[in-house]
Structure formats: C-alpha cells, structure tokens
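Asks: This is the structure I want to talk about, given as structure tokens.
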C-alpha cells in the first residue's frame with residue numbers, strides 16, 4: 001500500500017469511492033475544482049494500480065479542513081483509513097499545518113472511532129448539518145497543543 005499525491009488519472013476510481021460512500025457525492029467538476037486549488041492537498045492510497053481510498057485537505061495559513069476522506073466499501077476495516085489519515089496529517093505538518101478540523105455524521109461510528117484513534121477530539125456540534133438523511137454533524141479537531149497528533 002502506498003500513500004501518494006492524487007493525480008488526475010485517479011479521478012474515475014475516486015469518484016466511484018465517493019459515490020458509494022456519500023449520499024451527496026462530488027461531481028467530477030466539483031472534485032476537479034477543489035483538487036486544482038493551490039491551497040489543497042489530495043492523497044490516494046494505491047495498491048496494485050487500484051485506488052483504495054483518498055483524502056482531501058484545504059488549508060489556510062496553519063489550519064486545514066478535511067474536505068473528504070473515504071475508503072472503498074469492499075476494503076473497509078483493514079486499517080486503510082488510519083493509514084491514509086495518519087499519512088495525510090504527517091504530510092500536513094510538513095506544510096506547517098498545526099490544526100486540522102473536520103465534521104462527521106453523528107451516526108458514523110466507524111469514522112468517529114477512526115478520528116479519535118488519530119488524535120481528534122470532539123469540539124462542537126452542528127445541528128441538522130447533513131441532509132439525505134438529515135443528521136447533526138460532530139465537529140472535531142486535532143492539533144499539536146491538545147493531542148500531539150498533527
């Protein structure tokens with residue numbers, strides 16, 4: 001398994017993962033718009049020419065937001081998400097990022113466990129943030145000061 005910068009040739013597989021993971025997936029144009037911004041970092045986990053997962057971060061100064069992170073449905077629960085997020089956080093440090101924020105569906109227990117294992121802490125709640133189905137978002141962050149993970 002290799003963590004690397006996402007390239008344009010990854011898009012078909014990434015969009016497939018996106019569509020099987022989210023009720024409101026990114027379009028090709030939406031993904032391209034974010035991927036091509038100067039203040040974003042996108043990573044893919046690849047094995048044998050197949051994309052197993054991806055992660056996107058958008059940063060301003062020393063803080064970043066997780067735009068999206070997902071692993072292929074048939075490869076979940078193998079540690080790929082942890083490998084991906086841990087690697088993305090390590091590379092983010094090299095860019096001077098000291099704090100990373102994200103939001104996660106309140107009912108997404110697997111993702112919440114992953115974020116907690118990677119050093120994130122819950123620091124807020126956004127009511128009715130998600131639609132289809134409507135659900136609250138748990139706000140989480142990881143930073144050098146409170147957890148040493150970033």
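Bear in mind these aren't lab numbers, they're just calculated from the coordinates by the rules spelled out. None of the values given here were measured: they were computed from a predicted structure. Backbone-built Cβ (ideal geometry, glycine too); neighbour counts: all protein chains shown.
Asks: Once the piece of chain linking residue 62 and residue 39 is laid out straight, how much longer is it, given 0.36 nm per residue of separation minus the C-alpha distance between them?
Replies: Numbers: separation 23, 0.36 × 23 = 8.28 nm, distance 1.11 nm.
This chain segment gains 7.2 nm when fully extended.
Asks: Now for a different question. Based solely on its DSSP helices, what 222 nm [θ] is calculated for the chain when runs of n ≥ 4 H residues each add -39,500 (n - 2.57) and the sum is averaged over all residues, nearest 500 deg cm²/dmol? Provide the component values of the computation, followed by the final result.
Replies: Values: 4 runs with 43 residues, N = 150.
-8500 deg cm²/dmol, from helical runs alone.
Asks: Mean separation of Cα pairs under 8 Å and 6+ residues apart, divided by the residue count of region 2-143: what relative contact order is that in percent?
Replies: On the way: 234 pairs, mean separation 26.2, N = 142.
It rounds to 18 percent for region 2-143.
Asks: What FRET efficiency comes out for residue 129 versus residue 4 if R0 is 22 angstrom and r is the Cβ-Cβ distance? Round to the nearest 0.05. Write out the running numbers ahead of the final one.
Replies: Working: r = 31 Å, r/R0 = 1.41.
Efficiency, from the Cβ-Cβ distance: 0.10.
Asks: Related question: Alpha carbon centre of region 14-42 versus region 93-131: separation in Å?
Replies: 18 Å
Asks: With N residues in region 2-143, what two-decimal value do you get for its Cα radius of gyration over 2.2 N^0.38 Å?
Replies: Details: Rg = 14.2 Å, N = 142, 2.2 N^0.38 = 14.5 Å.
Rounded to two decimals, the normalised Rg is 0.99.
Asks: Just rank 134, 99, 38, fewest to most, by other beta-carbon atoms within 10 angstrom.
Replies: Fewest-to-most ranking of 134, 99, 38: 38, 134, 99.
Asks: In the Gaussian network model of the chain, springs joining C-alpha atoms below 10 Å, which of 29, 103, 135 carries the largest mean-square fluctuation?
Replies: It is 29.
Asks: Further question: Using a 7 Å offset from Cα along Cα-Cβ at residue 78, what residues in region 20-52 end up with backbone N under 17 Å from the label point?
Replies: 20-21, 44-52
Asks: For the peptides 82-91, 106-115, what is the packing order when you average, over each peptide's residues, the other Cβ atoms within 10 Å and list the highest mean first?
Replies: The packing order, highest mean first, is 82-91, 106-115.
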